[in-house]
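Heads up, the thing below is written out as structure tokens.
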Amino acid sequence: MLRNAQQLDTATFAELLAGTHRTAVHLEMRDVYAVGDEADDYAAFLRTGVPNLDPGRSFWPQWMPLVQGAVARGVVMRRARIVSEPVTDYIRYEHAITVLNLQAGEDVRWLPRRRASDIPLPGNDFWLLDGELVQFHHFTGTGDWAPDGKERTDAPGAVALCAAAFEAVWERGVPHEKFAV
């Protein structure tokens with residue numbers, strides 16, 4: 001894991017993940033994302049109801065090799081999503097394309113928001129790498145990346161909050177294959 005402040009500020013997520021040895025966990029808590037690299041596929045899904053599951057499109061050509069490489073090194077990658085019910089169109093889309101996350105090697109669970117009420121949660125989505133480094137994600141109100149789209153910290157309080165929050169969500173979460181949207 002990169003340790004000096006300058007490396008933490010300038011490293012790409014791919015570089016951080018390459019330095020991860022044990023675990024990479026991701027908690028998503030929004031009902032709508034509007035990031036540009038999936039806009040066309042999401043619009044097509046809204047029109048047709050059919051997800052584009054081509055791993056050669058959108059952001060997948062960059063993401064899948066990162067996950068596959070990490071998993072091949074023995075990194076356990078888990079993703080948990082807290083969602084409102086009934087789910088939004090975006091969550092229906094995200095659920096439909098999650099098959100690609102699974103194919104890459106991630107394990108994914110879903111937690112209905114009503115079952116998360118008593119879990120202390122951080123204010124933003126995050127990645128926690130090796131239980132040592134948190135990368136928070138900042139989004140605008142409409143779901144696009146904020147100008148300061150990421151914030152990284154290894155502060156013990158933030159790491160502990162994120163680790164506890166993720167594990168609580170994971171424990172209550174429903175495996176992707178059993179979560180109906």
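Once you keep just the Cα pairs under 8 angstrom separated by 6 or more residues, what percentage relative contact order results for the chain?
Values: 281 pairs, mean separation 49.1, N = 181.
The normalised contact order for the chain reaches 27 percent.
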> In a GNM of the chain with a 10 Å cut-off on Cα contacts, which of Asp31, Asp130, Asp40 has the highest mean-square fluctuation?
Replying inline: Asp40
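Computed FRET efficiency, Cβ-Cβ of Leu53 and Asp154, R0 45 Å: what is it to the nearest 0.05? Could you put the intermediate results ahead of the total?
On the way: r = 36 Å, r/R0 = 0.81.
For R0 = 45 Å, the calculated efficiency reads 0.80.
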> Could you give the angle, 0 to 90 degrees to the nearest 10, between helix 89-104's Cα long axis and the longest principal axis of the Cα atoms of the chain?
Replying inline: 60
> What's log10 of I(q)/I(0) for the range 68-125 at q = 0.22, 0.26 Å⁻¹, Debye sum over Cα points only, no solvent?
Replying inline: -0.96, -1.09
> If you line up the Cα atoms of the chain on their principal axes, what length do they span on each, largest first, in Å?
Replying inline: 47, 39, 33
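If each DSSP helix of 4+ residues adds -39,500 (n - 2.57) and the sum is divided by the residues in the chain, what number results at 222 nm, nearest 500 deg cm²/dmol?
-11500 deg cm²/dmol
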> Angle between the Cα long axis of helix 156-172 and the longest principal axis of the chain, 0 to 90 degrees, nearest 10?
Replying inline: 40
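Is the range 38-98 best put as rounded, prolate or oblate by its Cα gyration tensor, with a ≥ b ≥ c the root eigenvalues, rounded for a/c under 1.5, and otherwise prolate when a/b is larger than b/c, oblate when not? Kindly include the intermediate steps, with their values, before the conclusion.
On the way: a/c = 3.47, a/b = 1.47, b/c = 2.36.
Oblate shape, in that a/c is at least 1.5 and b/c is the bigger or equal ratio.
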>> In the range 146-161, whose amide N lies under 15 Å from the spot 7 Å out along Cα-to-Cβ of His138? List them in ranges.
In response: 146-153
> What angle, in degrees between 0 and 90 and rounded to the nearest 10, separates the Cα long axis of helix 39-48 from the longest principal axis of the Cα atoms of the chain?
Replying inline: 30
>> Could you tell me the center-to-center distance, by alpha carbons, between the range 138-175 and the range 1-78 in angstrom?
In response: 14
> Antiparallel DSSP bridges in the chain: what percent, to the nearest 5?
Replying inline: 55
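Here, each number is a calculation from the coordinates, and none is a lab measurement. Because the structure is predicted, anything quoted here is derived from the model rather than measured. Neighbour counts run over all protein chains shown; Cβ positions are idealised from the backbone, glycine included.
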